[in-house]
Amino acid sequence: MLPAPSRSYLEPSSMRRLIMAFSVASLTACASLPTTPQKLAFSPTADRGLTFAQQRCSGCHMVGLDETSATEGPRFRDLQMRYNRLSLENRFQEISRHGTGEMPPVALSSSDADDLIAYFETLDRRF
Ligand code: HEC
C-alpha cells in the first residue's frame, strides 16, 4: 500500500520553496540560452563584453538581438540607441554603485564597463 499523499504539498512554506526553485531554474535557463548569433567578428573587447553580459546581465536583460531571453529590464539594443559612449559609461557607474529603479546594484569594474561598451557598439550594426 502506498502512503497517502502528504498534505505538506499545500503548505505555504513548501509552496514558496517550489516557487523559488522554479524561478531559479528559469533564470538559469534564460542565462544559458545563446542570446546572439555567435561567430560574428567581434573585437576581443566586445567578445569579453558579450561574455560578461551573458553571465551577469542576461538573467534580466535581453542582451543580444533575439526575442527569446529575459526582458525584465530594458533590451541592451534599445539602450544602445538611447545612450552614447560617454552617457553609457556614466550610467554603468551609477548602476554599479546604486542600481536603478528595480535593478539592484551589479558591481562593474571600469574594464568591465569598457568591454560592455565595446559590445553595445556592435548591437546597432547587425540589422
Ligand atoms: C536582477 C535583474 C537585473 C540584472 C542582473 C541586471 N539588470 Fe539592468 N536593469 C534591470 C531592471 C529591472 C532595470 C529597469 C530599472 C527601472 O527602471 O526600474 C534595469 C535597468 C538597467 C539600466 C538602465 C536603463 C536606463 O533606462 O537607463 C542599465 C544601463 C542596465 N540595467 C544595465 C545592466 C547591466 C550592464 C547588467 C549586467 C552587468 C544588468 N543591467 C544586470 C534588471 C537587472
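Using Cα-only point scatterers and the Debye equation, what is log10 of I(q)/I(0) for region 43-127 at each q in 0.18, 0.25 Å⁻¹, rounded to two decimals?
-0.71, -1.51
When a footprinting reagent is the concern and you count Cβ atoms within 10 Å, what order do Met62, Met103, Met81 take, fewest first?
Details: Met62 22, Met103 15, Met81 10.
Starting with the residue having the fewest Cβ neighbours, the order is Met81, Met103, Met62.
With each pseudo-label sitting 7 Å past Cα toward Cβ, what's the Thr68-Arg91 distance in nm, one decimal?
2.6
We did not get these values from a lab; they are worked out from the coordinates using the rules stated. Predicted model only: the values in this text are computed from it and were never measured. Positions of Cβ are backbone-derived with ideal geometry, glycine not excepted, and every protein chain shown enters the neighbour counts.
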